[in-house]
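*Asks:* Got a structure for you, written out below as structure tokens; questions coming shortly.
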Amino acid sequence: MSPAPGLAAALAGLLAFGAAACASGGAKPSAPAASVSGTIAYRERAALPHAAVIKVQLVDVSRADAPATVLGEQVFEAGGKQVPFTFEIPYDPAAIEPRHSYAVQARIEVDGQLRFINDQRYAVITRGAPTRVDLVLKSVGGPAPR
């Protein structure tokens, strides 16, 4: 038993449309989202309070004579958790200049006071740098978190 003539014609038309769409490339998918990720820790044996604020930024550090340009950031409260904290910062790959240098920087504040910060550059994305980094922050002094 052969398919109805109308069904055969409809299938042939659908196949022709699909082949034409494939040949022309069809709709272009959006660029995949890119991100840098990693962990934040510090070596001091001190617990962070529930409301400690962790701020991680992806920055363009190419210009030595200008402040770093922020491309993305993640800000969150400790919420009773302790280090290491994980982070993931999405960014637009089209905004990345291959000749530029990018880095991740982080800080932890308690009651608006800076308590921990990175004291070295954690390069990412370009010039052979990874997209995953493990940051170790240093205490900036002051009373230890309780």
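What follows draws every value from the coordinates through simple rules; no lab data is involved. Note that this is a predicted model, so its numbers are computed, not measured. Glycine also receives a Cβ, built like all others from the backbone with ideal geometry; neighbour counts cover every protein chain displayed.
*Asks:* Report the net charge of residues surrounding Lys138, where surrounding means a beta-carbon distance below 12 angstrom and charges are Lys +1, Arg +1, Asp -1, Glu -1.
*Replies:* +1
*Asks:* Could you check how many percent of all C-alpha pairs in region 41-146 are farther apart than 21 Å?
*Replies:* 37
*Asks:* Can you check what the net charge comes to around Val75, using other residues whose Cβ is under 14 Å from the Cβ of Val75 (Lys, Arg +1; Asp, Glu -1)?
*Replies:* -2
*Asks:* Count charges around Lys55 for me, please; just the other residues with Cβ under 13 Å from its Cβ, Lys/Arg as +1, Asp/Glu as -1.
*Replies:* Surrounding charge for Lys55 is -1.
*Asks:* Okay, next question. Averaging the inverse of every distinct alpha carbon separation and then flipping it gives the Kirkwood radius. What is it for region 58-99, in angstrom units?
*Replies:* Its Kirkwood hydrodynamic radius stands at 12.7 Å.
*Asks:* Could you run the Karplus curve 6.51 cos²θ - 1.76 cosθ + 1.60 with θ = phi - 60° over region 116-132 and give me ³J(HN,Hα) per residue in whole Hz, x for Gly and Pro?
*Replies:* 3J(HN,Hα) across region 116-132, in whole Hz: 9, 8, 6, 10, 9, 7, 10, 5, 9, 6, 9, 6, x, 6, x, 10, 10.
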